[in-house]
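To keep things clear, I will list the structure first and then write my remarks on it.
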Amino acid sequence: MKVYIVGTGMDGAQTLTREAENAINEAGLLVGAERILRPFRGLGKETHIAYIAQDIADKLGSCKCSTAAVLMSGDCGFFSGARKLLPLLAGHDVRVVAGVSSAAYFCGRVGLSYEKMKFVTLHGRASNIAVNVKMNELCFFLLGGEMSAADVCRRLCKYGLGDVTVHIGTDLGYENEQIIAGRAGELTDCTAGGLAVMITENRDALRYIPSAISDGSFRRETVPMTKAEVRCAAVSRLNICTDSVVWDIGCGTGSVSVEAAYRCPDGKVYAFDKKSAAAALTAENARLFSCDNIEAVEGECPEILADMPAPDKVFIGGSSGNMESIFEAVYSKNQRADIVVTAVSLETLQDAVNSFEKYGAVPEVVQIAVTRTRKIGSHTMLDALNPVFIVSGRLI
C-alpha cells in the first residue's frame with residue numbers, strides 16, 4: 001500500500017500545503033485524530049479515528065485500498081507521532097509530506113526568527129523550563145500536557161525569571177485564535193488553555209556554560225561547599241551530556257549540582273544529603289541559579305538511592321563512611337555510569353580507590369592544591385586551601 005503521512009498544518013485548511021492536499025485527494029482512506037479528520041469529512045472518503053501508532057499501523061495493515069493518508073497536525077518532523085509510526089510501516093510504500101509546524105506559524109505571527117530557538121515539548125509531562133530559558137535567548141514551548149501557560153509563567157517566577165517576555169498562542173489557525181504577550185510575572189493567572197504554545201524572550205540569557213562559579217555567588221550559611229577550582233575540575237571529569245541523569249551525593253550547598261545542571265538542560269540532577277539544612281539550601285541555590293532540573297532529596301545514602309532513576313554520571317562529595325555501598329547502589333542501576341569522588345582525607349581516598357577496584361575499574365587519582373591571593377594592607381598574600389584528591393573511573 002502507498003501511505004502518505006501528512007502534516008496538515010494548523011487547521012487543515014488555510015495552512016494546508018498543495019502537496020498535502022494532493023496526497024489527501026489521492027488517498028482512499030484517511031486516518032487520524034477526530035479533530036484533524038474533521039475538515040475532510042466532506043470529501044466522501046473512508047475515515048478512521050486513531051492517534052496511537054500501533055492502532056494506526058493495524059488499521060493500515062487490514063485496509064483493502066491502494067492508498068491511505070495518515071493525517072497529523074502541524075509538521076510531521078516537529079514533535080510528531082510520525083517518529084513512532086514510521087518504524088511500524090516497513091511493509092508499505094511510505095512518503096512523508098511536510099506541513100506548517102506550530103513553531104513556524106507562531107514565529108511568523110509574532111515576528112520572531114527561529115533558527116537559534118530552543119524547542120521544548122511539555123506534552124504529557126513536566127519538563128525543564130527555567131534552565132532552558134536561562135540558557136537561551138529564545139525558547140519555544142509546546143504546551144497542552146501537564147503544564148499550562150500560567151504554570152510555565154509561575155515556574156519562571158519561582159526561579160527568578162519573572163521579567164522574561166513571553167508570547168502565548170492558543171488555537172492557532174482557527175477562528176478563535178488568541179495571542180497574548182507580556183512579562184511572565186504578569187501572566188501567572190493567564191487562562192489560555194487548549195492547544196497552546198509559548199515563546200520566551202530572555203535578553204539576559206547566558207551565552208556560556210558557567211564553570212568555577214565563584215563561591216560567594218552561592219548561598220552557603222554553615223553548610224560545606226566544594227570550592228570553585230575543585231568543583232570545576234570534578235564536574236569536567238564527569239563529561240556530562242545535555243540529557244544526562246546526574247547524582248550529586250553529599251550535595252551540601254548544591255554548588256556541584258548547579259554546575260552539573262547547566263550541562264544537562266535536557267536531563268536531571270538529583271542532589272542527595274542526609275542533612276535537611278543542606279537539602280533545603282541546595283533547593284534554594286537551584287532557584288537562585290534558575291536550575292529547575294535539580295531535585296534536592298533529603299535522606300541517607302545508599303538507602304534513598306534505590307527508588308531513584310538510574311544515573312549516567314555520579315559525583316560523590318560526601319559518603320559518610322558508606323563509599324562501598326554507594327558504589328554498589330550506583331552500579332546496580334547502571335554499570336556504565338561515570339563516577340567522580342572528591343576526598344580531603346587519606347582514608348576517604350583509600351575508600352574510593354578500593355571501591356573502584358572492587359568492581360574492576362582502574363581509578364585515576366589527581367591531587368589539586370589551590371592557592372588564592374588576599375590583600376593584607378598594601379601587600380598581596382598567598383592563601384592556600386586544603387589539598388583535595390579527585391578520583392574518577394568507569395567500568396570497562
- Report the residues of the range 192-221 in range of a label on residue 385: point 7 Å along Cα→C-beta, backbone N strictly under 11 Å from it. 212-216
- Enumerate the calculated ³J(HN,Hα) couplings along the range 254-264 in order (Karplus 6.51 cos²θ - 1.76 cosθ + 1.60, θ = phi - 60°), each rounded to whole Hz, writing x wherever the residue is Gly or Pro. x, 5, 5, 4, 5, 5, 5, 4, 5, 8, 10
- Given backbone amide H placed at 1.01 Å from N, residues whose amide H is under 5 Å from that of residue 4, ignoring those fewer than 5 places away on the same chain, are 68, 69, 70, 95
- Query: Taking the Cα atoms only, what angle lies between the long axis of helix 149-158 and the longest principal axis of the chain, rounded to 10 degrees?
  - Reply: 10 degrees
- Item | Karplus-derived 3J(HN,Hα), 6.51/-1.76/1.60, for each residue of the range 267-274, Hz, glycine and proline x | x, 8, 10, 9, 10, 10, 7, 6
- Note on the structure: For the range 228-245, Karplus-derived ³J(HN,Hα) couplings (6.51, -1.76, 1.60; θ = phi - 60°; whole Hz; x for glycine and proline) come out as 3, 5, 5, 4, 4, 5, 5, 5, 5, 6, 7, 6, 5, 8, 4, 10, 5, 9
- Message: Ignoring everything except DSSP H segments at least 4 long, calculate the 222 nm mean residue ellipticity for the chain; use -39,500 (n - 2.57) per segment, divide by total residues, nearest 500.
- Response: -8000 deg cm²/dmol
- Task: Calculate I(q)/I(0) for the chain by the Debye formula, one identical point scatterer on each C-alpha and no solvent, and give its log10 at q = 0.08, 0.14, 0.15 Å⁻¹ to two decimals.
- Result: -0.56, -1.12, -1.19
- All aspartates and glutamates inside 13 Å of residue 358 as judged from Cα atoms, apart from same-chain residues fewer than 8 positions distant: 324, 328
- Item | Fluctuation leader among 187, 382, 122 - the chain, Gaussian network, Cα springs under 10 angstrom | 382
- Item | Across 116/268; 84/333; 268/375; 118/268; 158/274, pairs whose alpha-carbon gap is larger than 29 Å | 268/375
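Any read-out appearing in this document is the output of simple, stated calculations on the displayed coordinates, not a laboratory observation. Model, not experiment: these values are computed from the prediction. Here Cβ is always computed from backbone atoms with ideal geometry, including for glycine, and neighbour counts include all displayed protein chains.
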